[in-house]
1. For the stretch 48-66, give me each residue that is assigned to a helix (DSSP H, G or I) and within 11 Å of L30 (Cα to Cα).
2. If a residue has to be touching a Lys or Arg at 6+ places or on another chain (Cβ under 7 Å) and within 24 Å of A275 (Cα to Cα) to count, how many in the stretch 12-47 make the cut?
3. Which pairs have Cβ atoms under 6 Å, sit 6 or more apart or on different chains, and link a residue in the stretch 209-234 that is without any contact (Cβ under 8 Å) to a residue 12 or more places away in the chain to one that is in a strand (DSSP E or B)?
4. Looking only at the stretch 80-133, which residues are assigned to a helix (DSSP H, G or I), among the polar types (S, T, N, Q) and within 21 Å of T237 (Cα to Cα)?
5. If you scan the stretch 269-296, which residues turn out to be closer than 23 Å to E64 by Cα and buried (at least 22 other Cβ atoms within 10 Å of the Cβ)?
6. Return the pair list, or none, for Cβ contacts closer than 8 Å from residues in the stretch 147-174 that are under 16 Å from L189 (Cβ atoms) and part of a helix (DSSP H, G or I) to residues that are at pLDDT below 90 and of a type in the set (D, E), at least 6 apart or on different chains.
7. Taking only pairs six or more apart or across chains, which ones have beta-carbon atoms under 7 Å, a first residue in the stretch 36-55 that is closer than 14 Å to G10 by Cβ, and a second residue that is at pLDDT below 95?
8. Within the set of pairs 6 or more residues apart or between chains, which connect a residue that is among the charged types (D, E, K, R) inside the stretch 256-268 to a residue that is in a helix (DSSP H, G or I) with Cβ atoms less than 8 Å apart?
Amino acid sequence: MRKIPIAVVGAGTFGWQHARVLRALPSADLVAVVDTDRDRAEAVARQFGCRALTDYRELGGQVEAATVAVPTVEHSEVGVALLEAGVDVLVEKPIAPDLGSADALIIAARRRGRILQAGHLERFNPIVEKAQEIATLPLFFEVHRLGTFSARSLDVDVVLDLMIHDLDIVLSMVDSPLENIEATGLPILSPKADISSVRLAFENGCVANLTASRISVEKIRKLRFFQPRQYVSIDYTSQDGVAGGIGPGGQLEYQPITVEKAEPLFQQMESFLAAVETRGAARVSGQDARTALDVALRIIEEMERHSHIVQATVAARQTDAE
């Protein structure tokens, strides 16, 4: 098996995970870890036996591929430069902070004939893959993604940090244009929204309710959907689920959904390296990621509109109390 020379740009929490997985994959030759913080780059590079660099522009001619795990606001600048240098790129989610930056990545990849894959790793979760196989006509979703507070990813709100995974999955399963968005969200422990509740309505009648929080006391990753004569519930973390339907006796019966468990990050990296090797299409394309980003940004706009209403209501009540 040929080893593909690859680098990790960004040596924070996600970058460390990328380096860990790439170092273990037989199809990857981890050449370098890049970070503007030299000490951090050297610490990760030393742990995984590769070079430490502080400038991603030094990678040209040294690698065929790179993963980008820098802050979201830098995704486009770094990703476009690597694509223009002839490097295939996997960029963490969200693909970019805005649609213009996402378009710049997509255009650069197309112009240079490079692979651009987005890091929506839940697409590679075996139980999600199984649910997508089962889905025929989902008409109602209930999705919960709750986590404990962490100082990472506070440069974006909870929609771009956590909910975007589920937005990507729901959008991939519903074959209908989005018709309406209702959303609320509040900043609790950070300047940006830490909790959000969203209702998506599609033209075919499908409705999806999504809740995301990064200030919960427990970690929950669950998706449920209903379709004609069937109910499906999956747990992203335990990678199992159940499917319910009417049995021969007219009663609701449940059957377990089982899969061969695997770490989604390994599956994602293997998929990316396979696309690099075969020059096939990325399984989660830049356009897929842009679609999820578009909906996420529309949700954030709706949350901000709702926030102004809440603030006005609070201010009015305070005035009345005085």
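1. Step one: of the stretch 48-66, the residues assigned to a helix (DSSP H, G or I) are 48, 56-59.
Residue satisfying the conditions is F48 alone.
2. Number of matching residues: 6.
3. S233/R224; S233/G241; S233/V242
4. Our first condition is that a residue be assigned to a helix (DSSP H, G or I); within the stretch 80-133, this holds for 80-84, 99-112, 121-124, 126-133.
Add one more test, that the residue is among the polar types (S, T, N, Q), and what stays is 101, 132.
Passing the criteria: only Q132.
5. Correct list: M269, F272, L273, V276, A282, V284, G286, A289.
6. Final answer for the pair search is none.
7. From residues that are closer than 14 Å to G10 by Cβ, there are no pairs.
8. These pairs meet every condition: E260/P126; K261/P126; E263/V21.
The values are calculated or read from the model by the stated rules, or taken from the named source; none is laboratory data. Just so it is clear, the model here is predicted, and its values are computed rather than measured. Because the Cβ atoms are built from the backbone with ideal geometry, glycine has one as well, and the counts that use them run over all protein chains shown.
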